[in-house]
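The values are calculated or read from the model by the stated rules, or taken from the named source; none is laboratory data. Keep in mind it's a predicted model, so treat the numbers as computed, not measured. Note that we place each Cβ from the backbone using ideal geometry, even for glycine, and neighbour counts take in every protein chain shown. Protein only, heavy atoms only, side chains kept; ligands, DNA and RNA dropped before computing areas. Shrake-Rupley method; radii C 1.70, N 1.55, O 1.52, S 1.80 Å.
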Amino acid sequence: MPPSNLISQLEKKLNDLIDNSPSGRGPDSDASYDREKERKKQIAEVLADICDVVRNATGPSDPSFFSKVDELLNKGIRNTHENTDERPYMESFAHSEASPVLLVASKDNVESMMARQGSTKISPKPPDTNITPVPSNTLATYIYQARCEISSEVICAPIRAKISSGGSCLAITSAGGYKQREAVLTYRVLDDATSTTSTSNTSAPKLRWINPKFGDRAYHISIHESQKLLFAADPNRIKSFSWGKLNGENYQEALPVHTMNSKSFDGPISVLSNDRLIRAGKGSVA
């Protein structure tokens, strides 16, 4: 059967499931909760079937075919995230035996652990695949050309993230501790192949933690890549931490280097090309 006919059949099945969506904001009994859980499971199965049709499609690429697939996938995901009082979450539906884990549709903290080779510092070599060109900028294209594995790792409540200019370091300022009042700094040295955190299918640069010992949350961050320095700032102070020696060797734990009083300057910080650190204040920078 032509792929377009299969998609039409799956579209009807998806629409029937969506038409049975609850009218309220959530199930009001255990029985209705179980029905809604089963309905969403069936939606995920339909979306998985759609992905299989895309993967198995042969012959010339038809832009309207991929547009329809893109529309149906988005429609199914949106409906699954509606009419619920719970945190929106959807198990992977776009995976296959060749790609064991592709996507978990969630609003939690999620990090990319594998991408197309050479596209980022965190992209290890994927298995050899033959990719057929298809129209770009559609969700269907991402499934057909799936090259990304996504997994999650628990961190404190994130505030800001920064990646260095050359892509060698990723740092995140977070709020942790009692009532999330304490500053926490986490980072990964993305080009450090000697220290990784392994999962079932891949590995990623190790996540490291720093307690910057501020009196408030650290709202701003900057990175000086050539000097291997992380800068974090609360409303009153700026601190720096070195993640390794300039000869290439990285520390197991970042070492404190500077503590600076920024006085009335409490805005974003940045490292300039001439190795100067600046911080914004009200109406000026210092």
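Summing charges over neighbours of residue 214, with a neighbour being any other residue whose Cβ is under 15 Å away from its Cβ, gives +3 when K and R count +1 and D and E count -1. Label-to-label distance for residue 274 and residue 180 is 4.0 nm, based on points extended 7 Å past Cα in the beta-carbon direction.
Taking a sphere under 13 Å around the Cβ of residue 259 and counting the other residues whose Cβ falls inside, with K and R at +1 and D and E at -1, yields a net charge of +2. For residue 33, the solvent-accessible surface computed with a 1.4 Å probe is close to 90 Å², ligands and nucleic acids excluded. Short to long, the 5 Å bins of the Cα pair-distance histogram for region 157-286 hold 2, 10, 21, 23, 20, 13, 7, 3, 1, 0, 0 percent of all pairs.
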